[in-house]
Number of protein chains: 2
Amino acid sequence: MDETILKEIEAIVGRGNLSTSIEDRICYSYDATNQRFLPEGVIFPGSAEEVASLVRLASRNSIPIVPRGAGSGFTGGSLPVRGGLVVSTERLNRILEVDRENLFCIVEPGVVTGDLQEEVESMGLFYPPDPSSLKFCTIGGNIAECAGGPRGLKYGVTRDYVLGLEVVLPDGEVIRTGGRTLKGVVGYDLTRLFVGSEGTLGFVTRAILRLLPYPEKVLTILALFPDQEGAAGAVSAIISSGILPSALEFIDRECVACVSDYRDMGISGAEAILLIEVDGREGVVEREGAMIEEVCREKGGFDIRKASDRRGRKRLWEARRAISPSLRRLNPHKINEDVVVPRTAIGDLVAGVREIGRRYGIKTACFGHGGDGNIHVNLMIDRRVPGEIERAEEAVKEVFQLTLRLGGTISGEHGIGITKAPFLKMELGRREIDLMRSIKETFDPKGIMNPGKVFPGD
Amino acid sequence: MDETILKEIEAIVGRGNLSTSIEDRICYSYDATNQRFLPEGVIFPGSAEEVASLVRLASRNSIPIVPRGAGSGFTGGSLPVRGGLVVSTERLNRILEVDRENLFCIVEPGVVTGDLQEEVESMGLFYPPDPSSLKFCTIGGNIAECAGGPRGLKYGVTRDYVLGLEVVLPDGEVIRTGGRTLKGVVGYDLTRLFVGSEGTLGFVTRAILRLLPYPEKVLTILALFPDQEGAAGAVSAIISSGILPSALEFIDRECVACVSDYRDMGISGAEAILLIEVDGREGVVEREGAMIEEVCREKGGFDIRKASDRRGRKRLWEARRAISPSLRRLNPHKINEDVVVPRTAIGDLVAGVREIGRRYGIKTACFGHGGDGNIHVNLMIDRRVPGEIERAEEAVKEVFQLTLRLGGTISGEHGIGITKAPFLKMELGRREIDLMRSIKETFDPKGIMNPGKVFPGD
């Protein structure tokens, strides 16, 4: 990169907040997809004004800007696929305001989601979106991908908690959308257009987030099932009974086997497991817990464990949390697809994935947010085995076809990024994609803001 | 209008579903703003295919298309301000599917909101958005304006219940957005871009709506206060106590006086009233009711009535429902602005409105959704009095300035349409408006879809 431009960048962010060392460039070249693209430099701005100045400079010189939170994305949203500058939000990490009475907070994009949750919880408040990576992922990344999590069923996803945004547009101008109130219908909904746009329309520098009162009580239930049909049936039956659990996680037999192989958690006899959480008022939670237990028993659930204290609940979540690391026992490399189907189709999806895996000779394992039909389909492969990647790619395509046939969507919470871009046309029509492309061109005519994402063949 | 075009329209929708009679054109020339614009014809299509053919025809001939639900809007969204064809959704009124297990329904845009609620309630399900006009307004209109209602505080607004849409674009091509699942992040969020876009980006022909389980129990509480500060303080104190009521309606002393003058409901001693509703599980509702009663008493509430049966609840709502008709006793014409402020600022807003009214010699009355800060500010005028309209317009501008100074927004649920378009610039920056305009141009380059709305000076 041109020395003059580097000098200009340094003048904006200050010495020490720009790096072009190969070590830093490598550190910021990858995300959870394990793909690598080397940026030309990594910048750590300290304010929205600095971001705006940087973007103006980049726009003048047509240099790609790639916003980056924690790099925990599964679809490559933060990868500098066209080179350019990675702009990290690490230093934009302040919680600026928590308004207890009006139930909102104002944060910078680099705030870690889990940190925000702890901070507001200490004030009796609740920020529900809970992606698995919440201990390190950031609000900015959550907004870019519209992150979800187990609580989606009852509480919705990131989109439902973003009231307003401050955004640096691709030409460096700063706009504000939405506001501090729940209601607001002044003009088109730019706020939700930015949410989930994967950093391709602008750089979020501030967000106003909705908060809720923290629930009085939480009860966790782990139920083992002798067959998958029983577990899938219980998911629908629980919802039909009028309960909206705050989590309703489904774990298939492949995951059970992996986790049990990893460490004995007394779950090895199960063909499927549900991990259910209900929250709310004292008294109700227990009553709903009893109702859920009854439904699970009716559907064949044979070992039902409950806990409402923090330690006991953590123990029940252990099996669920152990899945991701333990899957590596099947094979070293994981392809993780976050498809969604209507919840009554979970059984068909899981059975179908198993059959696809068998046909392609690929090990599969399914788990995830059963309550909202958002199942994480994992293809465990060994990239070193000749032909394995190619077979896996074909298998993924079939998983997507099956998902769409079941009335679902190919991405529930990970976004499109680069890994799903080739499949976009399977779900969306030509015209829908054209409309999205023209929105992109309207916002970013020079194509400098996170280029090469979302759209196929870009 | 050209005879050939009328013949083509008749060929599309069939004889009897197109009218150019002056009687029909007058009937479809107005909405709740009481402004009138005569269309050149009124069409009643019976299917999405017919709508698509109509729009293609209109696009070829550059004829404005104005989608119309029940015409109950407060900002002129359904008025044919540039002439052209009013396309009514009256015949597109089928509930196509209610999926109890997956908690969604699929409806046509002409379904009346209240009818949908009754239908799903009979199946134990709940469609929360509840604009005051729910007995006649339609889902299509609700989507166009992103309608809210008292339940917004706990349950959100229309935007939060639209999972997917079928839309006829301004050139007649049909697209589908979103899907049947809660989660979905495939490309930009076109669904929510259409919600609240006031029919300016396309004609919604089908919607997939999220449903919830119907709450087990509902408790209504009416609390009278000796001063406004007490009532406003109670609103914040209730939320701070960790309760999210399903309604938290605020009524000021001017409304109390009007209603009492209209009919004795035993509320005449109050300077302000709160009408509070909590819903959920048996037992909890009673407990939350007791907590609310305590808070109200602490803040000076002196006459607190409760009911949980349908008849008793209806009686408590009577005072609230009587406000709109009774306000006409102050003056024959109403200007109703649905501003929103952070809920802690309600007291300042109501006091400020009173002061503005005094200064301009205009009678004012405030009531509405105190819980989410969405207060309906009513300016009661007599258009026949010389200068009154002009003074009222100045007063409205000051109400908006006050709202924005208090950190709020000029429209919570009525949209911009034509009545608020001149004020758009007070809330949004030039660039935000430019972005919205360019989205409009991208979707509708010929400018035929509901022209003359949202943007100032159009």
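The values are calculated or read from the model by the stated rules, or taken from the named source; none is laboratory data. Nothing here was measured: the structure is a model prediction, and the numbers come from that model. Cβ atoms come from the backbone with ideal geometry, glycine included; neighbour counts cover every protein chain shown. For the accessible areas, the whole protein counts, side chains as well, though only heavy atoms, and no ligand, DNA or RNA atoms are used. Shrake-Rupley method; radii C 1.70, N 1.55, O 1.52, S 1.80 Å.
List of remarks:
- Lone qualifier among B:Ile362, B:Ile381 - being farther than 17 Å from B:Ala247 by Cα, away from every other protein chain (no Cβ under 14 Å) and under 23 Å from the mean Cα position of the chain (by Cα): B:Ile381
Let's see how each residue does on (1) within 14 Å of chain A (Cβ to nearest Cβ); (2) over 30 Å from B:Val98 (Cα atoms); (3) touching a helix residue (DSSP H, G or I) at 6+ places or on another chain (Cβ under 9 Å):
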residue: B:Ala207; (1), (2), (3): no, no, yes
residue: B:Tyr214; (1), (2), (3): yes, no, yes
residue: B:Leu219; (1), (2), (3): yes, no, yes
residue: B:Ser236; (1), (2), (3): yes, yes, yes
residue: B:Asp252; (1), (2), (3): no, yes, yes
residue: B:Tyr262; (1), (2), (3): no, yes, yes
residue: B:Glu282; (1), (2), (3): yes, no, yes
residue: B:Glu286; (1), (2), (3): yes, yes, no
residue: B:Cys296; (1), (2), (3): no, yes, yes
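- Pairs where the first residue, in segment A:411-430, is touching a residue at least 60 places away in the same chain (Cβ under 8 Å) and the second is assigned to a helix (DSSP H, G or I) and surrounded by 23 or more Cβ atoms within 10 Å (Cβ to Cβ), C-beta under 6 Å, 6+ apart: A:Gly415/A:Glu145
- The set of residues in segment A:152-166 being of a type in the set (Asp, Glu) and touching a strand residue (DSSP E or B) at 6+ places or on another chain (Cβ under 7 Å) consists of A:Glu166 alone.
- Filtered residue count, segment B:137-188, keeping only those that are basic (Lys, Arg) and either outside any loop (DSSP other than H, G, I, E, B) or under 23 Å from the mean Cα position of the chain (by Cα) (or both): 4
- Residue list for segment A:82-127, filter: within 13 Å of another protein chain (Cβ to nearest Cβ) and part of a loop (DSSP other than H, G, I, E, B): A:Arg100, A:Glu101, A:Asn102, A:Leu103, A:Met123, A:Gly124
- Answer residue from segment B:439-451, given it is within 17 Å of A:Ile433 (Cα to Cα) and either crowded, with 16+ Cβ neighbours inside 10 Å or not charged (D, E, K, R) (or both) and is farthest from the other protein chains (Cβ to nearest Cβ) among those: B:Asp444
- Given (1) more than 14 Å from chain A (Cβ to nearest Cβ); (2) touching a residue at least 24 places away in the same chain (Cβ under 8 Å), number of the condition B:Gly387 does not satisfy: (2)
- From the options B:Gly124, B:Gly84, residue that is open to solvent by 10 Å² or more (accessible area, probe 1.4 Å) and of a type in the set (Gly, Ala, Ser): B:Gly124
- Given (1) open to solvent by 20 Å² or more (accessible area, probe 1.4 Å); (2) touching a helix residue (DSSP H, G or I) at 6+ places or on another chain (Cβ under 6 Å); (3) more than 14 Å from every other protein chain (Cβ to nearest Cβ), index of the condition A:Leu406 fails: (3)
- Here B:Glu50 meets the list (1) among the acidic types (Asp, Glu); (2) more than 24 Å from the chain's Cα centre (by Cα); (3) closer than 23 Å to B:Gly196 by Cα almost entirely, failing just condition (3).
- Of the residues making up segment B:18-43, those that are open to solvent by less than 30 Å² (accessible area, probe 1.4 Å) and either in contact with a strand residue (DSSP E or B) (Cβ under 7 Å, 6 or more places away or on another chain) or under 23 Å from B:Val174 (Cβ atoms) (or both) are B:Leu18, B:Ser19, B:Ser29, B:Pro39, B:Gly41, B:Val42, B:Ile43.
- Annotation: of all residues in segment A:138-153 being among the hydrophobic types (A, V, I, L, M, F, W, C) and within 11 Å of another protein chain (Cβ to nearest Cβ), the one that is farthest from A:Phe367 (Cα to Cα) is A:Ala144.
- Selection status of A:Leu182, within 30 Å of A:Glu90 (Cβ to Cβ) and in the same structural domain as A:Glu145 (by TED's automatic domain parsing): no
- Hey, A:Thr191 part of a strand (DSSP E or B) and either surrounded by fewer than 24 Cβ atoms within 10 Å (Cβ to Cβ) or under 24 Å from the mean Cα position of the chain (by Cα) (or both) or not: no
- Residue count for segment B:415-431, restricted to those that are open to solvent by 20 Å² or more (accessible area, probe 1.4 Å), facing chain A (nearest Cβ under 7 Å) and within 19 Å of A:Thr181 (Cβ to Cβ): 3.
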